[in-house]
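A short worksheet on the structure shown next.
Here, each number is a calculation from the coordinates, and none is a lab measurement. Not measured: the values here are computed from a predicted model. All Cβ positions, even for glycine, are placed from backbone atoms using ideal geometry, and neighbour counts span all protein chains on display.
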Amino acid sequence: MPRKSTPQPHDALKSDGSKPPGLKEIARYLGLSPASVSMVINDVPLAKAMTAETRARILEAVKKFNYRPNLLARSLSKRETRTIGVIVPESSDGYYTRVMRGLEEALLDAGYLYFTVSHLSREDLLREYPLLLRQRAVDGLIYMNTKVAEPPGIPAVTISYATKEPGVTSVVVDQRLGARLSLEHLAKLGHKRVLMMKGQPSCLESGERWRLMLKAAQECGIEVRPELSLEMNHDQLTPELAYTKVAELMRSRIRFTAVCAFNDTSAIGAMRALADAGLHCPDDVSVVGFDDIGVAGFYTPRLTTVRQPLEAMGARAVTELIARIREPEAKHPAKVVMAPELMVRESTAPVKRSAKD
């Protein structure tokens with residue numbers, strides 16, 4: 001009896017472009033069950049129980065016939081779209097760039113796409129964007145340094161903002177430790193006349209960080225003087241704001257030997273203002289920042305700063321959100337606190353003897 005030949009692709013499937021083959025057609029062509037083909041396509045753990053040869057045959061057929069899963073059908077059957085909504089104040093600042101890098105890599109590894117929207121501190125957008133993202137059937141929301149104006153209604157996580165909203169996990173840095181690290185470092189270098197910066201109102205961390213900075217200064221023996229307390233009172237996220245404020249202060253001839261900046265962006269603005277006034281950092285004035293954004297270690301001088309684990313915070317937010325999506329009935333943490341680290345570089349030095357009180 002002549003041996004029956006193995007069906008070739010053109011025997012079982014047509015690839016003339018009229019209608020692409022579906023999962024059932026590819027399974028029939030391969031002589032396998034649709035479930036087996038689906039497991040390999042979606043890379044589920046059970047697929048590893050199949051032989052390497054079977055998995056290779058399935059992937060070869062998928063590539064040959066340019067098969068694309070019907071994501072709409074999948075989302076309807078599983079009630080998930082594998083998409084996440086990310087809400088940020090704006091996307092040009094170095095802080096957000098570093099957090100997004102960790103967030104993007106974690107979402108990619110988990111097989112999720114995402115939408116990003118910037119509310120620009122507008123109250124109407126703070127309320128509208130979560131609703132618009134839910135209407136697009138995202139599986140969850142990530143609020144980056146953004147308040148939760150209303151109950152999300154779906155799994156949600158906040159970054160750099162501790163909310164008391166039920167059902168939301170907040171991923172934050174230990175602000176108390178961060179404030180202590182920066183002020184203690186300056187105190188050990190002998191600085192007592194320290195210009196301290198409070199962040200702009202649009203940054204949700206500014207109030208808490210300022211309170212903890214004042215407490216840390218007191219504990220470190222640094223007197224907080226009204227003339228050396230500088231508030232960034234405009235919603236501007238560029239070095240220009242701190243530059244303008246420090247330049248104005250320099251014209252008043254108020255003396256100080258160090259600057260404890262609200263973040264790295266304001267620290268860079270302060271250093272430029274000092275340079276334009278003819279002062280050198282750190283010989284005349286030391287500067288310490290907060291965040292450790294990408295340019296901090298490459299500025300001149302290299303910036304001493306309190307490093308927030310920004311990329312790790314983004315990745316951890318994704319981990320917590322996916323856990324909430326996949327296990328809605330499980331118990332999830334209300335807050336995850338991550339530790340900062342002092343990065344001592346070139347912008348801080350011992351106070352000059354002649355500059356001491």
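Table for the structure above
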{"item": "Peptide ranges 182-191, 313-322, 334-343 listed from the most packed, as the mean C-beta count within 10 angstrom indicates", "result": "313-322, 182-191, 334-343"}
{"item": "Computed FRET value (nearest 0.05) for ILE254 with ARG134, which takes r as the C-beta separation and R₀ as 56 Å", "result": "0.65"}
{"item": "Cross-link reach list, aspartates and glutamates versus LYS147, counting only Cα pairs under 12 Å and skipping chain neighbours closer than eight places", "result": "GLU123, GLU165, GLU205"}
{"item": "Within the chain, helix-based [θ] at 222 nm, where runs of 4 or more DSSP H residues each add -39,500 (n - 2.57), nearest 500", "result": "-12500 deg cm²/dmol"}
{"item": "Considering only the chain, percent of DSSP beta bridges that pair antiparallel, nearest 5", "result": "10"}
{"item": "Charge context of ASN145, other residues only, Cβ under 13 angstrom, K/R +1, D/E -1", "result": "-3"}
{"item": "Cut-off under 5 Å, modelled amide H: who pairs with TYR114 long-range", "result": "ILE84"}
{"item": "Zero-based 10 Å bins, Cα pair distances in the chain, whole percents", "result": "5, 21, 23, 17, 13, 9, 7, 3, 1, 0, 0"}
{"item": "Label-point separation, SER229 to LEU59 (7 Å along Cα→Cβ), nm", "result": "6.2"}
{"item": "Nearest-0.05 FRET efficiency for VAL337 and GLU90, computed from C-beta distance (R0 25 Å)", "result": "0.50"}
{"item": "Sorted peptide list for 173-181, 31-39, criterion being average Cβ within 10 angstrom, highest first", "result": "173-181, 31-39"}
{"item": "Derived scalar couplings ³J(HN,Hα) [the range 249-260; Karplus, 6.51 cos²θ - 1.76 cosθ + 1.60; whole Hz; x for Gly, Pro]", "result": "5, 4, 5, 7, 6, 6, 8, 7, 10, 8, 10, 9"}
{"item": "Sites PHE298 and ALA275, calculated FRET efficiency, Cβ-Cβ separation with R0 22 Å, nearest 0.05", "result": "0.85"}
{"item": "The chain: angle of helix 206-219 to the longest principal axis, Cα-based, in degrees nearest 10", "result": "50"}
{"item": "Net charge contributed by nearby residues that have their C-beta within less than 9 Å of ALA296 (K/R +1, D/E -1)", "result": "0"}
{"item": "Derived scalar couplings ³J(HN,Hα) [the range 140-148; Karplus, 6.51 cos²θ - 1.76 cosθ + 1.60; whole Hz; x for Gly, Pro]", "result": "x, 10, 10, 9, 9, 6, 9, 6, 8"}
{"item": "Cβ-defined net charge surrounding SER170, 10 Å radius [Lys, Arg +1; Asp, Glu -1]", "result": "0"}
{"item": "Size of charge dipole - the chain - debye, nearest 20, with Cβ of Lys, Arg +1 and Asp, Glu -1, no other charges", "result": "940"}
{"item": "Length-normalised contact order for the chain - Cα pairs under 8 Å, 6+ apart - percent", "result": "17"}
{"item": "Label zone at ALA323, where the point sits 7 Å out along the Cα-to-Cβ direction: the range 140-159 residues whose backbone N lies under 19 Å", "result": "140-144, 154-159"}
